[in-house]
1. Out of Gly11, Thr798, Val899, whose Cα points farthest toward the positive end of the dipole of the chain (charges: +1 Lys, Arg; -1 Asp, Glu; placed on Cβ)?
2. Could you check the spin-label model distance between Arg226 and Arg283? Points 7 Å from the Cα along Cα→Cβ, value in nm.
3. Considering the Cα trace of the chain, what is its radius of gyration and what is Dmax, both in angstroms?
4. In nm, what is the difference between 0.36 nm times the number of residues separating Arg52 and Ala546 and their Cα-Cα distance?
5. I need Arg165, Arg283 ordered by Cβ neighbour count within 10 Å, fewest first.
6. Could you calculate, for the stretch 205-287, the ratio of the Cα radius of gyration to the Kirkwood radius, expressed as Rg to Rh?
7. Arg31 to Arg153: extension gain in nm, 0.36 nm per residue of separation minus the Cα-Cα distance?
8. Take a quick pass over the chain and tell me how many lysine pairs come in under 17 angstrom between Cα atoms, counting only ones 8 or more apart or on separate chains.
Amino acid sequence: MGRTGPLGFLGADVLVKLLGALCLRPRLGDRPRKLDEQCEWTDYQDERSERRGLPMVCLVRPPESADVLAAVADRLRTAKPQGSIRHARPGLTEHEGRDEAGPATADSVTVVRDILREARKELGDSATARTSRVPFPLFDLVYWLMLQDYDGRDDPDGVLRRAIRRISLAERFSSSAEDAVKQLPENQGIWKVFSLLVRGLTLLTFRVAVTGRVPVLSGRYRWFLRQPHLAPEMSGSFVRFARRLTEGQWQEEAPEYVCRLLLNAFLEDLRRAYRLRPWRVWRRRRMTYPVLLLDEVSVGNGGYRLLELVNSVRNQVGRFDPLLVVSASPAPPPDAEPTSRRPQFQAEQARAAYVAWQNQLERDRRERRPTAWYLPIGVRPPSAADEPRVQQMLDTLGGDYRFRGQVRPPWWASRWTRIGVPVVVVALVAAFVAYRSHDVYAARCGSDNPWLTWTGTECVGTTDGAQDVFQPSDATIRQVEAVVLDQNHRAEQLHRDHPERPYITLVVLEALTSSNNLAEGLTSERESLEGFAVAQLRQLNAPGSADPIVRLLIANAGRNMREGVRVANQLRQQAEQDSSIVGVVGLDMSSTPTQQTIAALTNAGLPMVASTLSADPLADLNPMYFQVTPQNRREAAVAAGFATQLPGPRVVRVYYSDDDADVYSTNLRDDVVKSFQDQGFQVEARAFTPDGGLGGPASHPRYGETLLGNAGAAGRDTCSYEGIAFFAGRGVPDFGQFLSSAAQCGSRATVIGDDDVTRFVADQGERQRNRALPYYYLSFATSPVTEPKGAALDFYTTLDQTLFPFEQTPEGRSYDGHAALAYDAAQVMIVAAAYLRETAAEIPVTPGAIWREITAIHTSRPGAKQVNKFLEGVTGTIDYGGDIGRNVPQNKPVAVMGVAGGEVDKSVHGFCGAADGPVSDTWCPPDS
């Protein structure tokens, strides 16, 4: 070429620009775009996938242009930016004489294999490449297999399998784990066991993977059993197929298809390297195609054979491969001879040649033409007249022109977008989940318990004791909850150990939000829970196979039971999921919210046993409701009978809450007025506005009552009064205000408090702040004021000494008897469950069955053959009389207690009812 150099021919600039354009990958996908007059890609992208593909550019050059590919390679090396275009230029002249024209032979296989091996090294291990290295796992495995010789060995398949495992990732992982364990001290036996497990797992994984039939796990082995060459279905497994590729065996295969397998493995590695996987977010999208430069291609050096194979494999496989092949030789390849269908273009027509090739590609591929992928371009030396044009062209190419690989993917396909979008999405999802979790956590009272709900002011719902639902709480309350939680765990374990015993869950439903915002205001509720815990412990220690095992759930129905209906509806759902829930015990406050709660529990099919409720309508109107206390009418009759034994004028003022929602107070008012009138007393009722009432409408005046202010005003109303003042309101906080105001003016009235005053008496601080005025109060339990005997002795010993020693201290001891009442309520449920197993052990313990058996707790009628089945409770005899419509025990005890100087009298001032111990006073009214 003389002074013009290797690119000193006409059209060199067009050819170089075409090659540079073909090296550039589209910004999105792999479908080619159209070239403009300057061999630059336009924005229009062809939508027809059949046109996807890179041609084999075959340069037909004269001898004086022998260095044309060297010049192209030099420009590829200096592409902008540096190392952006991978390329390989294997030395074909070194393989001259190793191949021949005609069908492929074993020599053809080896020369193609060696050429591809050189190309693999240059393309895969380029030190100057800007993107990550290109791995060739499939081609490397084929190449390695072809060098292995297992002929003449015993069990060649087994030996080959072990050899494959030694070069696999599983073996490297197993060896790494083993080497790490070797560095540990001798006594680290657990890690050695771990190493053995890792090796066993990797061996099992490899044996499954090497079958080649398991998606994902089989990895590259699976590809060999799905490629179209060498009939892989004849082998069955990858190891057997691989055996056909070893030395001495591949020679028995058709050489043409061994060559195709080698080339297809090479191209498949490139396809996979250019395919972005979702888990490879750090990898840049490769924006240039690799270039394979084949110089001096001929029949004897395998160059023509390789070009022919590329055409055949692309036609057969039909998949895009990102490889631009550029060859150069004095004569066109035999398959690329110019024809009328595909004339040979010269270098200055390179763009037109490419457009013609692209337009013809779809038809040629469908017809499987052996020329489908060839793009022959002639290179002719310039004439003397062409020298100025050539020189001008060389000045352009020798200046700033370089191949450029600086094509960026669209922003939505860039690496940072692929990293950023998932990160942002994950962050948003995490933030949303955290926000929702925080909301859910907060909505569940700061716990993961789905049965707790934060209403905005208090926590309601059920817990097994793991969460504190008393509001507010103190150390004593938390100690009681801890005992219940521990016993619940014991009950669950006992149920697993003895599945033959009945297993029941009782829900302790109370108003566990203090009405005075002090933990002392929940003393009665805490004591009730203590009583239930004693009943639970008794069953945990019971030896009989028919004795039920009891689990307790603690439920808060909110301040003054206002959330009772919500909790009752929740219990319906909870019982549907937990068949061990058989009933509800406890309950609190005879009020409209409590009535609504009882109705909701009845609709849920859950029987109830109340421990302290006494309002008449509760038992009269709710068939699934039972109680262990007498009703208000019985309490009023006892109060009137006791009043007849007191000196002084026979006049009574009844002070009650001016709140119709407080069913207890208004019902007790009516019963007290009637009972005292029946005893000949002059009666008047006086209403006061309760502190923190239940929100019901004011009562309409009856019996000529006077409407007062608050409870303090009611107390001052007794200042000049010397008759009986019966307090029919709430013990906390109203009775304390009533008593304090009465004491301030030196009232001389005889004060008798209702049974709810026991809550006031239970609060030691409140009780001792009002020492000036003595008073009587009605109680449904005499112990622990009196010396306990019988069942009461056993109960209080367990309560005070076994479970809750703080009850023996002055601060812990209360005198409301709520613990004993709660114990008796639990015993009603437990005994009913035990009765189910007396006759048939297979009767399921269900809420309906429990409800039916509660009515069986009664004394045998005269002449009946059944034994007595009444219950001797701590607070007296519990006998429902055998009447299915009776939900209140017969002749249940009512005691008259006294407080003087802020301390509870140890003697009982009056007692009426059936019990194992005290005898009813002679003045006691009959049980109605």
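1. Highest projection toward the positive end goes to Gly11.
2. 1.7
3. 48.8, 150
4. Numbers: separation 494, 0.36 × 494 = 177.84 nm, distance 8.08 nm.
169.8 nm is the gain from fully extending Arg52 to Ala546.
5. On the way: Arg165 17, Arg283 14.
With the fewest neighbours first, Arg165, Arg283 line up as Arg283, Arg165.
6. Details: Rg = 14.8 Å, Rh = 14.2 Å.
Taking Rg over the Kirkwood Rh, I get 1.04.
7. Details: separation 122, 0.36 × 122 = 43.92 nm, distance 5.04 nm.
Contour length minus Cα-Cα distance gives 38.9 nm.
8. Details: Lys17/Lys34; Lys17/Lys80; Lys182/Lys192; Lys789/Lys906; Lys869/Lys892.
Taking the Cα cut-off of 17 Å, the pair count is 5.
Bear in mind these aren't lab numbers, they're just calculated from the coordinates by the rules spelled out. Given the structure is predicted, the values throughout are model-derived calculations rather than measurements. Heads up, the Cβs are rebuilt from the backbone with ideal geometry, glycines too, and the neighbour counts pull from every protein chain shown.
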